[in-house]
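A single structure is presented below for examination.
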Amino acid sequence: MKAPSTATPLQRTLWEQLEVSHLPAHVAIIMDGNGRWAKQRGLSRVKGHKAGVQAIRSALDTVLELGIGNITLFAFSTENWTRPPLEVSVLMTLLRQFMRIELPRLMDKGIRMRALGDVSRLPKAIQNGIARVETETEKNIRLHFNIALNYGGRNEILHATRSIMADGLNPDKLTETIFEQHLYTCEIPDPDLLIRTSGEFRISNFLLWQMAYTELYFTDVLWPDFDVEQMLRALLDFQGRVRRFGGVHGD
Ligand code: FPP
């Protein structure tokens, strides 16, 4: 692929190795390591999360430049409520600011944002902020940006199951397609690539149903340091994978 004019020489070499026909349609990311990044620098965890927000902006810009159509970021899990109250409150403040500050940028860039998860448990001001961004960006089509908030994969499966049962569907009529229509990710293709930063080798209850055939990429790089170069490296690694989807052959 041709590198953008702003690319550094190293980034340019990586861009040029990427094949446009082999890019993932959907990249999912577990953004881990903000706390360790801050600790290494003698900074507060708050600073780490702020740097994490900056890395989100960079990731959105890179996938946009590459023409990748879907990105899903794990921003707050159903388990994250168990963090110290002060940290939860900082994350909520950052989220509220994010919804306010990012809206003009998302509009400028043609990005549609949707939240995945049970947002009804988030503070009302954040729910309003999310609803506003979702509505205003609804017609943007360049990039579908999904942000997982109070999200858990098992919880999502239960939520879908409840909704199907409430519809009174005959169990014999249930298909994978119908089930998928009841997930938060309905209308979004399954991720082709999952990236997890900071050296942990876990899925952590993220997109459990959707990741049946997703390629997994783990890196030691901490989320705030996950820049353009790191994204390009992850994509190049993905391009070297042979995907079989359970069959014998494939490419
Ligand atoms: C934590 O790293 C990562 C998260 C809690 C999710 C990602 C959050 C952000 C990027 C910041 C807020 C996001 C928005 C959209 C406002 P960690 O605290 O688990 O790091 P550690 O494992 O090194 O302690």
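The values are calculated or read from the model by the stated rules, or taken from the named source; none is laboratory data. Remember, it's a predicted structure, so these values are computed and weren't measured experimentally. Please note: Cβ atoms are built from the backbone with ideal geometry, for glycine as well, and neighbour counts cover all protein chains shown. Keep in mind that these areas ignore ligands, DNA and RNA; they rest on the heavy atoms of the full protein, side chains included. Shrake-Rupley method; radii C 1.70, N 1.55, O 1.52, S 1.80 Å.
Which of the GluC sites (Glu not before Pro) found in segment 118-184 are in a DSSP loop and have at most 14 neighbouring Cβ atoms, other than their own, within 10 Å?
Loop-located and lightly packed - Glu138.
Now a separate question. Quick one: give the max-minus-min coordinate of the C-alpha atoms of segment 1-147 along each principal axis, largest first, in Å.
Largest to smallest, the principal-axis extents are 46, 41, 24 Å.
What is the sum of charges around Asp32, taking Lys and Arg as +1, Asp and Glu as -1, for the other residues whose C-beta is under 14 Å from the C-beta of Asp32?
Cβ neighbours under 14 Å give a net charge of +2.
Identify which of Ala25, Ala59, Ala166 has the largest mean-square fluctuation in a Gaussian network model of the chain, with springs joining Cα atoms closer than 10 Å.
Per the Cα network of the chain with a 10 Å cutoff, Ala166 tops the list.
Going by Cα centres, segment 55-117 and segment 1-46 are how many Å apart?
Centre-to-centre (Cα) distance: 16 Å.
State in Å² the accessible area per residue of the chain; use a 1.4 Å probe, count heavy atoms of protein chains only, and round to the nearest integer.
That works out to 52 Å² for each residue.
A follow-up question, please. Antiparallel versus total DSSP beta bridges in the chain: what percent is that, nearest 5?
Around 0 percent of the beta bridges assigned by DSSP in the chain are antiparallel ones.
Moving on to the next point. Arg142 to Thr82: FRET efficiency via 1/(1 + (r/R0)^6), r the Cβ-Cβ distance, R0 35 Å, to the nearest 0.05?
0.45
So which trypsin sites (Lys or Arg not before Pro) in segment 134-194 pass both tests, a DSSP loop state and at most 15 other Cβ atoms within 10 Å of the Cβ?
Lys139, Arg142
Considering only protein heavy atoms and a probe of 1.4 Å, how much of the accessible area of segment 1-116 is carbon and sulfur, as a whole percent?
55
Per residue, how big is the convex hull of segment 111-166 when only Cα atoms are used? Give it in Å³.
Convex hull of Cα atoms, per residue: 95 Å³.
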